[in-house]
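The structure under discussion is supplied below as structure tokens; questions concerning it will follow.
The values are calculated or read from the model by the stated rules, or taken from the named source; none is laboratory data. Worth saying up front: this structure is predicted, and the values here are computed from it rather than measured. Neighbour counts are summed over all protein chains in view; Cβ atoms, including those assigned to glycine, are modelled from backbone coordinates with ideal geometry. Accessible surface areas use protein heavy atoms only, side chains included; no ligands, DNA or RNA. Shrake-Rupley method; radii C 1.70, N 1.55, O 1.52, S 1.80 Å.
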Amino acid sequence: MRIDILTVLPQLLEGPLKESILKRAADKGLVEIHIHNIRDYSTHSNKNVDDYQYGGGAGMVLSPQPLSDCIESLQESVKYDEIIYMTPDGKILEQKDCNELSLKGNLMIICGHYKGIDHRIREMYVTREISIGSFVLTGGELAAAVTVDSIVRLIPGVINDETSALTDSFQDGLLAPPVYTRPADFKGHKVPEVLLSGDQKKIDAWREEQALKNTQERRPDLLKD
Ligand code: ADE
């Protein structure tokens, strides 16, 4: 998979995307992440990337020219399956969206800043708008990092234990059951007996029951469908 991210703050993405699982995925050749500084495409004499909004109002808007030139220059060599814009008024990201996006070949992600991007860029190029929650961040970069992490970890081979991503919370519409590791007794707090029984059927049934209980208590909205 190839992911191109367009931003006015590349430094904000380099840390999260060049470390840990994402770095391993890149080292294994499973994903290629390219970060592009929108400012490099500005034709303005001061390399400006934003301007006041028409109609007045607080906050700057990312101008269409640098974004459009950056997008079109990338499109000359790559055919994108999706051009995604990170925005608080997008569709809230869910596990099923991550599953779907992990099957794509080439993704472009645009990070907004200030008041957002000129609306014509959304109309002209964007195929999907994603929000990571009902709150406003200072820019789309952290939301893009969250989105990329949630997609890339699903690509086969990225996580060592192949079954691990399949048993995540949300994959079956439920939250995950509790997990334990050694020791069996920690400061008098014991691991549930069933997990030490060696009876896989019983263990699976316990996990299912706990997942359901967890979901009923914490996210009853997930059980509505
Ligand atoms: N940009 C600012 N806030 C955001 C959010 N909640 N999700 C995605 N992009 C954003």
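May I ask you to say which residue of SER45, SER63 is among the polar types (S, T, N, Q), over 26 Å from LYS104 (Cβ atoms) and in contact with a strand residue (DSSP E or B) (Cβ under 7 Å, 6 or more places away or on another chain)?
Matching residue, one of SER45, SER63: SER63.
What are the residue pairs meeting all of these: first residue in region 141-162, first residue modelled with pLDDT under 90, second residue within 16 Å of the ligand (Cβ to nearest atom), Cβ atoms under 8 Å, and 6 or more apart or on different chains?
Close Cβ pairs (under 8 Å, with a partner that is within 16 Å of the ligand (Cβ to nearest atom)) do not exist here.
Among the residues in region 193-203, are any touching a residue at least 60 places away in the same chain (Cβ under 8 Å) and not polar (S, T, N, Q)?
no
Moving on to the next point. Given (1) open to solvent by less than 10 Å² (accessible area, probe 1.4 Å); (2) in the same structural domain as VAL8 (by TED's automatic domain parsing), where does VAL158 come up short, assuming only one miss?
Evaluating VAL158 over (1) open to solvent by less than 10 Å² (accessible area, probe 1.4 Å); (2) in the same structural domain as VAL8 (by TED's automatic domain parsing) leaves (2) as the failure.
Among the listed residues ALA184, ALA144, identify the single one that is assigned by TED's automatic domain parsing to the domain that holds GLU100 and not hydroxyl-bearing (Ser, Thr, Tyr).
Of the residues listed, the single one that is assigned by TED's automatic domain parsing to the domain that holds GLU100 and not hydroxyl-bearing (Ser, Thr, Tyr) is ALA144.
Right, another one. Could you check, for region 189-212, whether at least one of its residues is under 22 Å from the mean Cα position of the chain (by Cα) and open to solvent by less than 50 Å² (accessible area, probe 1.4 Å)?
Checking region 189-212: not a single residue is under 22 Å from the mean Cα position of the chain (by Cα) and open to solvent by less than 50 Å² (accessible area, probe 1.4 Å).
Another question, then. Taking helices (runs of 4 or more DSSP H) that fall entirely within region 53-126, which contain at least 1 residues that are within 14 Å of the chain's Cα centre (by Cα) and within 14 Å of the ligand (Cβ to nearest atom)?
95-102
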